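The values are calculated or read from the model by the stated rules, or taken from the named source; none is laboratory data. Owing to the predicted nature of the structure, the values given are computational and were not obtained by experimental measurement. Virtual Cβ from ideal backbone geometry, glycine too; neighbours counted across all protein chains shown. With ligands, DNA and RNA removed, areas are computed over all heavy atoms of the protein, side chains included. Shrake-Rupley method; radii C 1.70, N 1.55, O 1.52, S 1.80 Å.
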2 protein chains.
Amino acid sequence: MSQSETSAAALPQGIEESFLKLKSASRLLRRLGAEKKNQVLSRIADAVLRESDVILQANAEDLARLPESTAPAFRDRLTLNTKRLEAMVESLRQVAALPDPVGEVLEEKTLPNGLELKRVRAPLGVIFMIFESRPNVVLEAFSLAFKSGNAIALRGGSESRATAGALYRLMGRAIGDCGLDPDVFYGMNDYDRHLVSLLLERQDLIDVVVPRGGDRLIAFVQKQAQMPIIKNDRGLCHTYVDSEADHAMAVRVVTNAKVQRPGVCNSLETVLVNKSIAERFLPALFDATVSSGLQWKCDSAALSILQKERPEGRAKFQQAQAADWDTEHLGLVMNCRIVSDLEEALAHIDRHGSRHSEAIITGSVEKALLFQAEVDAAAVYWNASTRFTDGFEFGLGGELGISTQKLHVRGPVGLRELTTPRWIGTGTGQIRP
Amino acid sequence: MSQSETSAAALPQGIEESFLKLKSASRLLRRLGAEKKNQVLSRIADAVLRESDVILQANAEDLARLPESTAPAFRDRLTLNTKRLEAMVESLRQVAALPDPVGEVLEEKTLPNGLELKRVRAPLGVIFMIFESRPNVVLEAFSLAFKSGNAIALRGGSESRATAGALYRLMGRAIGDCGLDPDVFYGMNDYDRHLVSLLLERQDLIDVVVPRGGDRLIAFVQKQAQMPIIKNDRGLCHTYVDSEADHAMAVRVVTNAKVQRPGVCNSLETVLVNKSIAERFLPALFDATVSSGLQWKCDSAALSILQKERPEGRAKFQQAQAADWDTEHLGLVMNCRIVSDLEEALAHIDRHGSRHSEAIITGSVEKALLFQAEVDAAAVYWNASTRFTDGFEFGLGGELGISTQKLHVRGPVGLRELTTPRWIGTGTGQIRP
């Protein structure tokens, strides 16, 4: 589709040119072999180690600019140190070691007329990644996009601009040193929100947009974008503890899903407990989590059990409000509801889940299979923690994010998920009768 | 995401209720086995044959309501007859005969901690199909959606309302006769465009919208929809005739791609001819297509060759205007441009192609492989006609349309393409360390 059809307001000329260069570079990337791509990734990894002082100094600048009132969690996400740089380097080397998804043949058939058909993976083209705060996203996103043959524009938050700038310069040099066009990526340093709006209308320049950040960023991109989105939305994850659950396992798994790292999207928000076991299970779960400082938001039935069985914990229990069932607490707060049976648990998850990760703890094969078949989420677990939904854990070589949408990709977005299968037909002059 | 977050203006209550029923029905469909689904399809097929008089009478009503001035092609698309009904029945039986994609295992792995992971196909949920004129879309879309476990809302054009209504009634009865809830589909008979706008904001009710029709419908849906789209956009298809082409084959394939059925999306709009063979090839192509009445829109070089070599055809040649290279003529009009080499052909296709179907005619393996690797389209052919891009031809059991987008599906949209792979994890109490 030509630009004139799709774009109303004009982009600043420099930005337009950068995206046009990105688009040309994406054509060259389609042809680039795995060896060259791995060489670039390895060279960037070397440069990160060699120039770690420069990166850390830029990061110190960003940190110094933060207002005093900045939340510690936010400051922590922005902070780099030697250990985090080493993890970034390790991640680059892992992506280099993974097989190149481009050209992978997914299906082959020969039609009755002799036409040979193959379904083959190809890059998506130009990816526009909009992210908040964490500067390690720069290398993670670039490496996955590049290895899967895509050009990428990166637009981070203004808080991390010095760190991101140092990384962009280092990446550009490493790519150039390998004899490649540095226009395979574009690190934006213009943080104007209106500019992002204009870009989100340019489906002639951008094949897919990937927002990674809070609810407001996602909602903004979803409203504005005229091109497809790979959405890394929130995780409102449940675990249903069935009447036939192994109690010790249920306590261990729910505790892990809730308290091991409560600030991430695959952590648990709501535990649903079968009424027949609630009196035994809830006190045990309370005892296992009490040292973490967990706060409970309970329905009336759960509240009365806990108040009766663990009166000393009274300060930690509250009556849940209607909004709690739809709230991603992202902290040491857990919703708890008692349900009569599996059907009631399924209905609750269908209504309140965010299609991310859901689990059932049960000894019943029948109930587990029904749960796994029916729950409409990216990952559905039986007797395991929701915390496993992760690109590295799944062996996908990192992730651009975790998709809660249904089209194109669900769950961790790895190399393969940044490609698209095309049909390749090879004939001897076949025509359609 | 809850409704309150996503919806501003309210839907009429009856419509809201119908979509809520559709959503509940989609949960039941996830569990429905292949046998039951096939029974329903077969029962509908029987009913179409048995009640063909009723359907044809309703169709006659629709046709009688058309204004005198209606274009013959439009009237033809709306018209049903016994032969077309039989084709619809045959299509229903073919879909019933195809394997059920739901539950298909795409990948299996066991993590080092013993957690078993499977990637399994599941239905998308609720599909909203908006189509124009052709009433056979009702059964084709319903059968593919239903067999792949999806609930579907169908909203056709008001011109076909009597025919569609007859089909909806028959489908509802057949589904009920099989003991199933007829709410697995919703045949809308409200043709208010504002209502469609309101629905396109309701991502809480609709998982994916599929527009099938002209440029204006697609643009409208793309602008309004807050949920993902499977886009059946236009086909601006090219064939590049290389210097190393077999001339007779090139003439046969290009003629087929252009004139065999010029009104469809996989027909050819532009032939690109290598300059070294143009003087020999163009007159031969002219001779092969002249009886069809084909009109040529040529660049200057092609025009002067044709005027010199085939002066008697002068009335059929015109200088191409800039807009022609971006125009889907959908008729007996062909663009023709002479290019210096493969790179120029690739650049032209990259700029003007609609990512649908593209072809190269050449005897060179090297050039063919480069063309197939680089051209960014849903289907890329070597020595074959672009007309093959079709769900039935590809053995996919029909199609909901042909996608020109890159995310989720490219090319024909069959049963598998109406599913989404989820991750299913089965453990023995694994937790994340």
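Observations, loosely collected:
- Gaussian network model of chain A, Cα within-10 Å springs - most flexible of A:14, A:331, A:401: A:14
- On the basis of the beta-carbon distance and an R0 of 25 Å, residue B:373 and residue B:319 show a calculated FRET efficiency of 0.15.
- Proximal aspartates and glutamates to residue A:36, defined as alpha-carbon separation beneath 16 angstrom and excluding residues fewer than eight positions away on the same chain: A:46, A:100, A:177, A:181, A:183
- Percent of C-alpha pairs per 10 Å bin in region B:8-53, short distances first: 22, 28, 31, 17, 2.
- Estimated FRET transfer efficiency (residue A:9, residue B:181; beta-carbon r; R0 60 Å; 0.05): 0.80
- Residues A:249, B:334, sorted by accessible area with the largest first, give A:249, B:334 [1.4 Å probe; ligands and nucleic acids excluded].
- For chain B, built as a Gaussian network whose Cα springs stay under 10 Å, the top-fluctuating residue of B:327, B:386, B:110: B:110
- Put the Cα centre of region A:58-118 next to the Cα centre of region B:162-210 and the gap is 42 Å.
- Backbone amide hydrogens, once placed in the peptide plane, bring residue A:106 within less than 5 Å of A:119, A:120, A:121, excluding anything fewer than 5 places away on its chain.
- Space enclosed by the convex hull of the alpha-carbon atoms of chain B, per residue, Å³: 182
- Remark: region B:1-92 projects, on average over all directions, an area of 10.0 nm² (convex hull of Cα atoms).
- Accessible area per residue in Å² at 1.4 Å probe, computed on the protein assembly as shown: 38
- Here region B:120-221 is described by how far its Cα atoms reach on the three principal axes: 39, 37, 19 Å, from widest to narrowest.
- All Cα pairs of region B:263-331, percent lying beyond 17 Å: 42
- Proximity of backbone amide H atoms, modeled 1.01 Å from N, is registered between residue A:403 and A:411, A:413 at under 5 Å, excluding neighbours fewer than 5 places apart on the same chain.
- In straight-distance terms, cross-link reach from residue B:23 covers every one of the lysines whose alpha-carbon lies under 17 Å from its own, apart from those fewer than eight places away in the same chain; here that gives A:406, B:147.
- Residue-averaged 222 nm ellipticity for chain B, from DSSP H runs of 4+ at -39500 (n - 2.57), nearest 500: -13000 deg cm²/dmol
- Heavy-atom accessible area for residue B:330, with the other protein chains in place and a 1.4 Å probe, reaches approximately 80 Å².
- Exposure ranking of A:382, A:296 by accessible area [1.4 Å probe, largest first]: A:382, A:296
- Expressed as a whole percent, the accessible area of the protein assembly as shown that falls on carbon and sulfur atoms is 50 (1.4 Å probe).
- Simple label model, 7 Å out from Cα along Cβ direction - residue B:27 to residue A:113, nm: 4.7
- Accessible area that becomes buried as B packs against A, both chains, 1.4 Å probe, Å², nearest 100: 7000
- Scalar couplings 3J(HN,Hα) for region A:10-15, obtained by applying the Karplus form with A = 6.51, B = -1.76, C = 1.60 to θ = phi - 60°, are 8, 7, x, 4, x, 5 Hz; x denotes Gly and Pro.
- Straightening the chain between residue B:81 and residue B:46 buys 11.0 nm, computed as 0.36 nm per residue apart minus the Cα-Cα spacing.
- Computed Rg/Rh of region A:1-155, alpha carbon atoms with Kirkwood Rh: 1.08
- Ratio Rg/Rh [Cα only; Rh per Kirkwood] for region A:229-349: 0.95
- Rounded to 10°, Cα long-axis angle of helix B:300-309 versus longest principal axis of chain B: 60
- The Kirkwood radius of the protein assembly as shown, taken over pairs of alpha-carbon atoms, gives through the Stokes-Einstein law at 10 °C and 1.306 mPa s a diffusion coefficient of 55 µm² s⁻¹.
- Cα-only Debye scattering, region A:133-291: base-10 log of I(q)/I(0) at q = 0.13, 0.15 Å⁻¹: -0.76, -0.86
- With every protein chain in place and a 1.4 angstrom probe, the accessible-area ranking of B:340, A:148, largest first, reads B:340, A:148.
- Each DSSP beta bridge with both residues in chain A is either parallel or antiparallel, and the antiparallel ones are about 25%.
- Fraction of alpha-carbon pairs over 22 Å apart in region B:284-365 - percent: 30
- Set B:297/B:367; A:258/A:308; A:223/B:258; A:118/B:83; B:231/B:258 screened for pairs whose C-alpha atoms are more than 31 Å apart: A:223/B:258; A:118/B:83
- Within a Gaussian network of chain A (alpha carbon springs, distance under 10 Å), most fluctuating of A:81, A:59, A:256: A:81
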